[in-house]
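> There's a structure below that I have some questions on.
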Amino acid sequence: MIRAFDHFSLPLLRWFDPEDAHRMAIQGLRLLPPMRLRPDDPKLAVRAFGLNFPNPIGMAAGFDKSAEAPDALLRLGFGFVEIGSVTPKPQAGNPRPRIFRLERDEAVINRMGFNNDGADVVLRRLAARAHHGGIVGVNVGANKDSPDRVADYVKLIEVFAPVASYFTVNISSPNTPGLRNLQQASILDDLLARVIDARERVRTKAGDSPVLLKIAPDLSLAQLDDVVHIARSRHVDGMIVSNTTVARPSTLREQARAVEQGGLSGRPLFRLSTRMVAETYVRAEAAFPIIGVGGIDSGGAALTKIRAGASLIQLYSALVYKGLRLVEDIKSDLSSTLLRTGRDSLSEIVGADAAAITAEDWPV
Ligand SMILES: Cc1cc2nc3c(=O)[nH]c(=O)nc-3n(C[C@H](O)[C@H](O)[C@H](O)COP(=O)(O)O)c2cc1C
């Protein structure tokens, strides 16, 4: 059924403006009949942040910003879904056009600017589906016009704690001016202290909510030293590496499109984001697990990301080019690899290549 859906929808959707195509995809998912997928290979199960993931493949943030279709995505085979980024107040985002396909690069540039329905509406949607179960993380961001951005994160943690399987503190979107300054050491330390404090305050009422930090791939290694040090000292539960890049590799073929402002994702982000996973892994020294995201478009790419240090992975841009069957294809490749190498779980290979990757030339 997924293959049939991809077969008809992919060529069709690519005719449309990318944002219209995205809206149609969300509407299509909402209409998806309830169906039961094959259960996952038990060897693909991952335990991380105190949660049991049926498989390691997540839908990355930004696809379902306002939690319109998390259950359909779970039914399609994702092991977890991250909704958001959500901001306290609803926000229109930047003027259109604001998503661009770089077809020949299998890449995307976006400058959405945190368009979302706002905390009240998103909370209502998540509360209405809470009894369905499944792992649904909430990615939180700050309003563009907020006078106190740290307070926005704190408020969202308090509000969403009862319905969030985990939180992602997104301080790495390139499309809200100044947001990435929150990655600076002194500001980040204060932000995380207040976020973790908020999580503790609501713990008795709302239960445990792991807090993950999502970073940009454009940090220098000195900045990464600081970020990982602070994340460890504030007892963050994990990191997501990485968001989109503001860099434009010279190898991009769609040079005309590459001048669009915004964050680049997809295949050209793979090497840089994988390097950052490895660099984060060697600095974290197993203090917390990492979710690897950026340019994963095959079972081989997923495996490379895991061997670089990712316990879990997420996808977005490759779904535009490969369709939803990519999720099942990656799962089946990972299962075959485990079988072939006689391993019982992916945890045995997480980070196996991290040290070697950090010794390679810097990806350009
Ligand atoms: C159109 C679009 C919107 C995105 N919106 C968000 C967002 O709201 N919050 C966030 O943390 N990441 C967002 N991302 C980044 C993705 O979650 C992911 O980190 C990035 O695209 C790299 O993965 P990929 O190469 O598989 O797409 C967005 C990406 C795209 C393409």
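Every read-out reported here was derived from the displayed coordinates using simple, explicitly stated rules and does not represent laboratory data. Quick caveat: nothing in here was measured; it's all calculated off a predicted structure. We place every Cβ from the backbone using ideal geometry, glycine too, and count neighbours over all the protein chains shown.
> Hey, with R₀ at 22 Å, roughly what FRET efficiency would residue 203 and residue 51 work out to, going by the Cβ-Cβ distance, to 0.05?
Details: r = 16 Å, r/R0 = 0.71.
Approximately 0.90, to the nearest 0.05.
> Moving on to the next point. Determine, from the Cβ-Cβ distance of residue 186 and residue 261 and an R0 of 25 Å, the FRET efficiency 1/(1 + (r/R0)^6), rounded to the nearest 0.05.
Values: r = 28 Å, r/R0 = 1.12.
For residue 186 and residue 261, the calculated efficiency is 0.35.
> Of the DSSP beta bridges with both residues in the chain, give the percent that are antiparallel, rounding to the nearest 5. Walk me through the numbers on the way to the answer.
Working: 13 of 40 bridges.
The antiparallel proportion sits near 30 percent.
> Extension gain residue 253-residue 352, at 0.36 nm per residue separation less the Cα-Cα distance, in nm? It would help to have the intermediate numbers written out before the result.
Working: separation 99, 0.36 × 99 = 35.64 nm, distance 3.25 nm.
32.4 nm is the gain from fully extending residue 253 to residue 352.
> Figure the gain on full extension for residue 225 and residue 16 (residue separation times 0.36 nm, minus the Cα-Cα span) and round it to one decimal in nm. If you can, show how the numbers build up before the last one.
Details: separation 209, 0.36 × 209 = 75.24 nm, distance 4.26 nm.
Extra length from residue 225 to residue 16 when fully extended: 71.0 nm.
> If you don't mind, another one. Listed highest first by mean packing, meaning other Cβ atoms within 10 Å per residue, what order do 173-179, 238-244 come in? Let's see the in-between values first.
Working: 173-179: 18.7, 238-244: 27.7.
Ranked from most to least packed, the peptides come out as 238-244, 173-179.
> I need the peptides 68-76, 346-354 ranked by packing, meaning the mean over residues of other C-beta atoms within 10 angstrom, with the highest value on top.
Numbers: 68-76: 21.1, 346-354: 18.3.
Listed from highest to lowest mean packing, they are 68-76, 346-354.
> Stretched out fully, how many nm does the piece from residue 340 to residue 232 gain, at 0.36 nm a residue minus the Cα gap?
Details: separation 108, 0.36 × 108 = 38.88 nm, distance 3.58 nm.
Fully extending the segment from residue 340 to residue 232 adds 35.3 nm.
> Separate question: Which pairs, out of 65/331; 155/214; 43/205; 214/322, put more than 30 Å between their alpha-carbon atoms?
Pairs exceeding the cut-off: 43/205.
> Which of rounded, prolate or oblate describes the chain when judged by the alpha-carbon gyration tensor and an a/c cut-off of 1.5? Write out the running numbers ahead of the final one.
On the way: a/c = 1.12, a/b = 1.07, b/c = 1.05.
Note, shape of the chain comes out rounded.
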